[in-house]
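A.B. asks: I have a structure here, written as structure tokens, and I will follow up with some questions on it.
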Amino acid sequence: MSLDRNLSLTGEAPRKLNHQQKLSTAVGILGLIILLLASFNVQLQPRWMFLTLALSAIAGGIIWFAKASYSGIPKGIKNDGAFLKPMTSRGVVAYATGIGLTGFYIILYFFPELIGLNENGANTGLIALFDPLSQFLANRPASQWFVYGTLYTIAILFFGIKFMWKYRHNRYQRLRTFSVSFFQLGFAFIIPELMARLNSKDFSLPYYDLKNIWPLNYYNFQQYRVDSMIEAGDVGLGLLIFGVVSIFIITPILTFKYGKRWYCSWVCGCGGLAETAGDPYRHLSDKSTRAWKIERWLVHGVVVFVTLMTTAVIYSYLGTDTSKYWLTKSSFLLGVAGILSLIFAWVMIFKRERIQKDAKYAAIGFFVLIIGLMGLHFISSTDQLFLLSAGDLQKSYGFLIGSIFSGVVGTGFYPILGNRVWCRFGCPMAAILGFQQKLFSRFRISTNGGQCISCGNCSTYCEMGIDVRAYAQKGQNIVRSSCVGCGICSAVCPRGVLKLENDKVKGRINPKDVLLGNDVNLMEYVNSKIKNF
Amino acid sequence: MKNIVIIGNGISGITAARHIRKFSDHHIQVISAESKYFFSRTALMYVYMGHMNWKHLLPYENDFWRKNDINLVHDRVKTVKPEVKKVLLDKGEPIAYDDLIIATGSKPNKFGWPGQELKGVRGLYSKQDLEALEYYVPNKKVCKRAVIVGGGLIGIELAEMLRSRDIPVTMLVRESNFWNNVLPDEEAKMLNEHIREHHIDLRFERNLDSIIDDGNGKVKAIKVKETSEVIGCDYVGLTPGVSPNVSFLKDSDIEINKGVVVNRYLETNIDHVYAIGDCAEQKKPIGNRPPIEAVWYTGRMMGEVVAQTICGNKTAYNPGNWFNSAKFLDIEYQTYGWIFNQPQNGDDDFYWKHPDENICIHIHYEISSRKFKGINTFGFRLRHEVMDKWLNEERSVDFVIDHIDEANFDPEFYEDPTKAIKKAFYKKHSNKAAV
């Protein structure tokens, strides 16, 4: 006898879908087949009708599936069979889905002509199928990004409805899902398309999703965008200023008050997809300490990369003459160095005890590297800041991080690695918000005294791979930079142990004063003795 | 440096081992036949339900034990020879100790029913019980019906597990409402309904008569005592409580009653032998607590306490205010202080239930002094720290109601029941004052 179910001699655990779930899946797949046929240039006329049919089938299939899964049964946690069903436990269909998604991303990013993109004439294939909708919204033919944006929005909206159905007993989950759906539909999809309508010969704004903040939109300060924003007068300048203000002012204030969840699980589009379409895979995240270590190096490495890249890009198009424009190469570099030094000094002076030894070394190393490279500018005469051309840096960042990491791996691997791979290992925005969340925020997950029974639901369902139980069973609050505040740990806890809260900064971390049910004198004694265990 | 041997790697034994390591460099050996690594017994159900895999039940990574120099021995203890300070094993060589901690936990109760040893008749306590369940009850084709004997916390967990695979379940419950020996009628009745909503066939005031053999040594059916009804089934879950797992000690000189008898320092009658957790029996009960407490957190606390004593800081087991929690299918339950199925002599109660939802609170308090004695909540989370403080401060029921919102631990944006609770309480008490 073994707990490995496949070796069971007498029978297997039920792993099949019910009839309605099967039928609804078929309807959804029918929608995808229409899209696939269009990709192979099968003539589907009129296009608007087939497009409507395809998108309705996908949306309807998802909603029907949700109904078949959650209606008519008492509300509550619905994780039965998550590790028994092949789709959510790395079975064959999960791998097939992963490969399919990955292939889609590769075509989308690198071979859009395969699905009919034609920049110099009429689109064909899949992209042409979306032309009627793009014409209607933005008065221009569709692009691969329009196709992607439409499907992405549909995924968030309808898997969002499924998620809200699943968590209908939980108002935090419902509100936050409504919020990401709203921001995706409005800010990422409709508003930018309508903005495109305003563009004319002498007025043109770049695509701007207002909720996308640098460094997530790493391209925001590229020359063509900045030029076009400046040329677009007050509106464009407003957008440019908003872009800078978002990262330096709005973001720190909101993160201080609410933790990084205000962005990562209430606003962000990547988070939005992860929390809705990706929700069935959240338990697949790796909880090992090894994964945690990889995460810290990788995600902070990406921050350094994007900082270097953006600095180099802006540097490359700035001039040297102060009389022409107030911002020059030198003053810009000094400004960047100044900001980085301030942050570095603040952490090292005031928050030293809050970061681990390896993080300290990494911070010192990165800091010296960046400042050193900038120093090169002043002693050498080369135009190539950081030894590489800005163009090369930008291209390799766009390819490695922007496309491969966030898209192909980040989303394509949902069914294999879990739904937050990009957010956890790659997103520089999440890393910056997390850095602040850990050192300067009112947010924490409070642990409820001695009620924890170490069952591990919280850790299992943490999409960010945080071992929540390790803190909860010691009665410690959870203050982790990677926590996106999705609130699922609190939802799945059978004993009411966890609560996401914004409260006073003092008492946020409580390693020395925990109530586990013992009499107080013993706790004092234990706490006085514990040093570094 | 002492040689510490711990029998049992459950929450009590492992907590003791971890804390001894915190405070000393004693040599530590932990013996278990059940599983090599410590796992969360409380989460066994989630593996069967497919919420988790076995690896998620392990709170520490496997090399934690090596890193912390805690030696794991995967073997069964045959007996203990305190006169030579040795533990005898099934397979391995005897192990010598300087200090011995017995932390062998519980075993499911069996009350001598005919057929209780048949195949397909199990409790739900150990890793092996879970494996048996996976073997005898993989799906509803193999198991056409399961019968659960005993309506308590483990019984309802087992029922939830089986229902997650759509297996028809009949529960025989001794009381007239669910868990009514502990819960007041109001809560017990609310649970009756909720359990039935999950299509569990609840039979109250019914006891097991016998378990019937299919001719091959496997269960075929059970017979109900009161009605002589025979219910066909392929699996019987015995969940009428647990008792200390100490029979391996019966030939030793260690004093056994139901459990290993210990004083407040968790010492047995023999020097250098301690007992903690479910298998320990307090010589004198502490407050209202029963002499044997089969609860997760008391095991953990006893582990912490015995580690202090062994490391030279002799410490009495002194549990604070009683608290506990559980989940009945979809309804969470918490309790702080003492509340019984009936108010004790001189006590009165206050009960409030949400008009539509399975949310309620029940408070017991002393009539004369209005002292707050205890609270049950269903579907409403309370902050342990706050409740503990109020119990220590011996607050009045009026104070507790007035400040109940400060103890609200529900997730953000949840409908706040505290206003309705206050309103109901003030209404009841102003009426009384008027009379």
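A.B. asks: Given the conditions (1) within 12 Å of chain A (Cβ to nearest Cβ); (2) free of Cβ contacts under 8 Å to residues at least 40 places away in the same chain; (3) not in a strand (DSSP E or B), which single one is not true for residue B:317?
C.D. replies: For residue B:317, the exception is condition (2).
A.B. asks: Now for a separate question. Restricting to segment A:331-376, give me the number of residues that are surrounded by 13 or more Cβ atoms within 10 Å (Cβ to Cβ) and of a type in the set (D, E, K, R).
C.D. replies: 3
A.B. asks: Let me ask another. Say we look at segment B:79-111 and pick out the residues that are part of a strand (DSSP E or B) and of a type in the set (Gly, Ala, Ser); which of these is nearest to residue B:42 (Cα to Cα)?
C.D. replies: Residue satisfying both the conditions and the ranking: B:106.
Table: residues versus (1) at pLDDT 95 or above; (2) part of a helix (DSSP H, G or I); (3) away from chain B (no Cβ under 14 Å).
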| residue | (1), (2), (3) |
| --- | --- |
| A:54 | yes, yes, yes |
| A:59 | yes, yes, yes |
| A:64 | yes, yes, yes |
| A:74 | no, no, no |
| A:94 | yes, yes, yes |
| A:102 | no, yes, yes |
| A:109 | no, yes, yes |
| A:118 | no, no, yes |
| A:123 | no, no, yes |
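A.B. asks: Another question, if that's okay. In this structure, is residue A:30 away from every other protein chain (no Cβ under 14 Å) and crowded, with 17+ Cβ neighbours inside 10 Å?
C.D. replies: Here the answer is no, as residue A:30 does not meet what is asked.
A.B. asks: Name the residues in segment B:8-38 that are out of contact with any Ser or Thr (no Cβ under 9 Å at 6 or more places or on another chain), at the interface with chain A (Cβ under 10 Å from one of its Cβ atoms) and aromatic (Phe, Trp, Tyr), would you?
C.D. replies: Once the filter is applied, which keeps residues that are out of contact with any Ser or Thr (no Cβ under 9 Å at 6 or more places or on another chain), at the interface with chain A (Cβ under 10 Å from one of its Cβ atoms) and aromatic (Phe, Trp, Tyr), segment B:8-38 yields only B:23.
A.B. asks: Every residue in segment A:438-496 that is away from every other protein chain (no Cβ under 12 Å) and basic (Lys, Arg), please.
C.D. replies: Within segment A:438-496, A:438, A:442, A:444, A:480 meet the criteria.
A.B. asks: Kindly list the number of the only condition in (1) touching a residue at least 24 places away in the same chain (Cβ under 8 Å); (2) among the β-branched types (Val, Ile, Thr); (3) farther than 23 Å from residue A:430 by Cα that fails for residue A:230.
C.D. replies: With respect to (1) touching a residue at least 24 places away in the same chain (Cβ under 8 Å); (2) among the β-branched types (Val, Ile, Thr); (3) farther than 23 Å from residue A:430 by Cα, residue A:230 is out only on (1).
A.B. asks: Go through the residues of segment B:180-203 one by one and say whether even a single one is acidic (Asp, Glu) and in a loop (DSSP other than H, G, I, E, B).
C.D. replies: No, that holds for no residue.
A.B. asks: Residues that are farther than 30 Å from residue A:356 by Cβ: which helices (runs of 4 or more DSSP H) entirely in segment A:189-306 hold 1 or more of them?
C.D. replies: Because the criterion is at least 1 residues that are farther than 30 Å from residue A:356 by Cβ, the helices (runs of 4 or more DSSP H) in segment A:189-306 that meet it are A:191-198, A:223-231, A:233-245, A:269-276.
A.B. asks: Considering only segment A:370-455, give the helices (runs of 4 or more DSSP H) lying wholly within it that have at least 3 residues that are within 20 Å of the chain's Cα centre (by Cα).
C.D. replies: The helices (runs of 4 or more DSSP H) meeting that bar are A:414-417, A:428-439.
A.B. asks: Would you tally the residues in segment B:350-387 being in contact with a strand residue (DSSP E or B) (Cβ under 9 Å, 6 or more places away or on another chain), within 11 Å of chain A (Cβ to nearest Cβ) and more than 24 Å from residue A:449 (Cα to Cα)?
C.D. replies: Here the count works out to 1.
A.B. asks: State the number of residues belonging to segment B:221-263 that are more than 24 Å from residue B:315 (Cβ to Cβ) and in a loop (DSSP other than H, G, I, E, B).
C.D. replies: Looking only at that region, the number is 16.
A.B. asks: So, one more: Would you mind stating whether residue B:273 is out of contact with any Cys (no Cβ under 6 Å at 6 or more places or on another chain), at pLDDT 95 or above and within 12 Å of another protein chain (Cβ to nearest Cβ)?
C.D. replies: no
A.B. asks: Next question. Among the residues of segment B:311-342, what is the count of those that are surrounded by fewer than 18 Cβ atoms within 10 Å (Cβ to Cβ) and under 24 Å from residue B:426 (Cα atoms)?
C.D. replies: Count: 4.
A.B. asks: Next question. Which pairs turn up if I take residues in segment B:158-181 that are without any contact (Cβ under 8 Å) to a residue 12 or more places away in the chain and look for partners that are buried (at least 21 other Cβ atoms within 10 Å of the Cβ) with beta carbon separation below 9 Å, at least 6 apart in sequence or on another chain?
C.D. replies: Note: no pairs meet the criteria.
A.B. asks: Would you mind finding the one in B:351, B:426, B:365, B:336 that is under 23 Å from the mean Cα position of the chain (by Cα), more than 30 Å from residue A:262 (Cβ to Cβ) and not polar (S, T, N, Q)?
C.D. replies: B:336
A.B. asks: Quick check: is even one residue across segment B:125-146 assigned to a strand (DSSP E or B) and charged (D, E, K, R)?
C.D. replies: Looking through segment B:125-146, none of the residues is assigned to a strand (DSSP E or B) and charged (D, E, K, R).
A.B. asks: Also, quick follow-up: Restricting to segment A:153-171, give me the number of residues that are more than 19 Å from the chain's Cα centre (by Cα) and among the aromatic types (Phe, Trp, Tyr).
C.D. replies: 2
A.B. asks: Further question on the same structure: For segment B:134-190, give me the residue count where each residue is under 13 Å from residue B:201 (Cβ atoms) and modelled with pLDDT under 95.
C.D. replies: The qualifying residues number 1.
A.B. asks: I'm told residue B:287 meets every condition in (1) within 13 Å of chain A (Cβ to nearest Cβ); (2) crowded, with 16+ Cβ neighbours inside 10 Å; (3) within 21 Å of the chain's Cα centre (by Cα); (4) farther than 27 Å from residue B:22 by Cβ except one. Can you identify the failing condition by its number?
C.D. replies: (2)
A.B. asks: Another one. Among (1) in contact with a strand residue (DSSP E or B) (Cβ under 8 Å, 6 or more places away or on another chain); (2) over 26 Å from residue B:156 (Cβ atoms); (3) within 14 Å of chain A (Cβ to nearest Cβ), there is one condition residue B:61 misses while meeting the rest; what is its number?
C.D. replies: Looking at each condition in turn, residue B:61 falls short on (1).
A.B. asks: Here's something else I'd like to know. Residue by residue through segment B:388-420, note down the ones that are closer than 22 Å to residue A:497 by Cβ and away from chain A (no Cβ under 11 Å).
C.D. replies: Residues satisfying the conditions are B:390, B:391, B:400, B:403, B:404, B:405, B:406, B:417, B:418.
A.B. asks: Another question about this same structure. Residues in segment A:506-527: is at least one touching a strand residue (DSSP E or B) at 6+ places or on another chain (Cβ under 6 Å) and modelled with pLDDT of 95 or more?
C.D. replies: no
A.B. asks: Does residue B:263 satisfy the condition of being modelled with pLDDT of 95 or more, closer than 23 Å to residue B:156 by Cβ and surrounded by fewer than 23 Cβ atoms within 10 Å (Cβ to Cβ)?
C.D. replies: No.
A.B. asks: Now a separate question. Show the residue pairs meeting these rules: Cβ distance below 8 Å; 6+ apart or different chains; first residue within segment A:151-179 and assigned by TED's automatic domain parsing to the domain that holds residue A:36 and among the hydrophobic types (A, V, I, L, M, F, W, C); second residue surrounded by 22 or more Cβ atoms within 10 Å (Cβ to Cβ) and not in a helix (DSSP H, G or I).
C.D. replies: Matching pairs, first to second residue: A:155/A:277; A:156/A:277; A:159/A:277.
The values are calculated or read from the model by the stated rules, or taken from the named source; none is laboratory data. A quick note: this is a predicted structure, and the numbers were derived from the prediction, not measured. Glycine gets a Cβ as well: all are built from the backbone with ideal geometry, and neighbour counts include every protein chain shown.
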